Amino acid sequence: MSEREINLDHFKNLVAVSMADGFLDDDEREFLEERAEELGLPSEEVAEVMANTDKLEFVVPEDEEDREEQLADIVFMSMVDGTIEDKEYQLCLNIAERLELKKVDLDEVIALTKRLWNQS
C-alpha cells in the first residue's frame with residue numbers, strides 16, 4: 001500500500017469517527033481540513049470523502065505506528081472542546097481495540113494530549 005493510500009485511509013477513518021454522532025461540528029471540520037492538508041491530500045479527494053460519509057468503512061492500518069497515529073488523531077478530535085466525555089472515551093476505547101491497541105495506550109494518549117494543551 002502506498003503512502004498516499006495509507007494517508008487517504010487515515011483521513012477516511014477520521015471522517016468516519018467524526019460522523020459517528022451523525023453531525024460534524026465546526027471544530028471537527030477545521031481539524032479534518034488541517035489534517036487533510038498535513039497528509040498531503042488533494043482537495044478533490046477530500047471533497048469526495050466528505051460527500052460520501054455514509055459509505056465510509058473503518059480500515060485498520062497494517063503498521064503499528066500508523067495505528068498509534070490514528071488513535072492520537074481520534075483522541076485529539078474527541079477532545080477538541082478541551083475534555084473527553086464518557087461517551088467519547090468509550091468510542092475511543094472501542095476504536096483503540098479495533099486498532100489492536102490497549103486501554104493503557106488510549107489513556108497515555110489522552111494524558112499526553114491534556115499535557116500538550118495545558119502547555120499552550
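Every number here is computed from the coordinates shown, using simple stated rules; none is lab data. From a predicted model like this one, the values you see are computed outputs, not experimental measurements. Positions of Cβ are backbone-derived with ideal geometry, glycine not excepted, and every protein chain shown enters the neighbour counts.
If I filter segment 12-24 for residues that are aromatic (Phe, Trp, Tyr) and closer than 18 Å to Leu101 by Cα, do I get at least one hit? The answer is no, given that none of the residues of segment 12-24 is aromatic (Phe, Trp, Tyr) and closer than 18 Å to Leu101 by Cα.
Within segment 74-88, the set of residues being small (Gly, Ala, Ser) and either surrounded by 19 or more Cβ atoms within 10 Å (Cβ to Cβ) or under 12 Å from the mean Cα position of the chain (by Cα) (or both) comprises Ser78 only. Cβ-Cβ distances below 7 Å connect the following pairs, each with a first residue in segment 1-17 that is under 17 Å from Ala51 (Cβ atoms), a second residue that is of a type in the set (Lys, Arg) and surrounded by 18 or more Cβ atoms within 10 Å (Cβ to Cβ), and a separation of six or more residues or different chains: Phe11/Arg35; Leu14/Arg35. Of all residues in segment 52-67, none are farther than 20 Å from Glu3 by Cβ, in contact (Cβ under 8 Å) with a residue 40 or more places away in the chain, among the hydroxyl-bearing types (Ser, Thr, Tyr) and surrounded by 14 or more Cβ atoms within 10 Å (Cβ to Cβ). Applying the set (1) part of a helix (DSSP H, G or I); (2) within 20 Å of Leu116 (Cβ to Cβ) to Asp66 leaves exactly one unmet item: (2). The set of residues in segment 89-111 that are of a type outside the set (D, E, K, R), within 19 Å of Phe58 (Cα to Cα) and more than 14 Å from the chain's Cα centre (by Cα) comprises Gln90, Leu101. Scanning segment 79-99 for residues that are out of contact with any Lys or Arg (no Cβ under 9 Å at 6 or more places or on another chain), assigned to a helix (DSSP H, G or I) and free of Cβ contacts under 8 Å to residues at least 40 places away in the same chain gives Asp86, Lys87, Glu88, Tyr89, Gln90, Cys92, Asn94.
Out of the residues in segment 26-50 that are closer than 20 Å to Thr83 by Cα and exposed (fewer than 12 other Cβ atoms within 10 Å of the Cβ), which is farthest from the chain's Cα centre (by Cα)? That would be Asp26.
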